[in-house]
Amino acid sequence: RRELAQARAHGRLLSQKAAALTAGVRAAFALGALADEAERSAGVGGEGDGDRAGRPSRSEEPPRASALCLERPAVREQLPAIAVCLWRLTLLDVRSTIRRACRRVLRDSACDLVEREGRARGLLEFA
């Protein structure tokens with residue numbers, strides 16, 4: 001029965017990681033599309049005086065802060081995808097921190113089994 005509970009917990013963790021990864025990829029594509037659109041609208045990447053690799057010179061590059069300005073409609077359309085990504089990553093981080101803390105509290109070899117059982121009961125009250 002313990003192995004089944006561990007397998008379920010591991011499955012939930014993998015599901016959460018997959019959801020966070022999916023959200024991250026969507027946000028990365030959204031930001032990439034915004035950056036490409038900003039470059040096209042600023043005229044970067046054309047026939048100008050760039051370096052040998054085809055990159056624009058420093059004087060041709062648009063300012064980064066204005067390229068992805070939050071007031072632009074295209075950026076506002078992508079904010080939900082970015083927010084979902086950040087939320088899922090935050091959830092994953094908080095849950096893994098709580099999991100690690102509970103594991104340390106319950107597996108503390110410096111105290112006896114009775115004290116660890118009391119800690120487990122206390123954790124259950126919070127759950």
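Scanning the range 2-35 for residues that are in contact (Cβ under 8 Å) with a residue 40 or more places away in the chain and open to solvent by 60 Å² or more (accessible area, probe 1.4 Å) gives K17, R26, L31. Sub-8 Å Cβ pairs linking a first residue in the range 36-49 that is under 17 Å from R72 (Cα atoms) to a second residue that is modelled with pLDDT of 75 or more, at least 6 apart or interchain, are E37/A74, ordered by first then second residue. Only one entry in R88, R95, R72, R55 is surrounded by 11 or more Cβ atoms within 10 Å (Cβ to Cβ), at pLDDT 55 or above and farther than 30 Å from A20 by Cα, namely R55. One residue stands out in the range 1-52 among those that are assigned to a loop (DSSP other than H, G, I, E, B) and out of contact with any helix residue (DSSP H, G or I) (no Cβ under 9 Å at 6 or more places or on another chain): the one that is modelled with the highest pLDDT, namely R1.
The values are calculated or read from the model by the stated rules, or taken from the named source; none is laboratory data. All values reported here derive from a predicted model rather than from experimental measurement. Using ideal geometry, Cβ is built from the backbone for each residue, glycine included, and neighbour counts are taken over all protein chains shown. Surface accessibility is based on the protein's heavy atoms, side chains included, excluding ligands, DNA and RNA. Shrake-Rupley method; radii C 1.70, N 1.55, O 1.52, S 1.80 Å.
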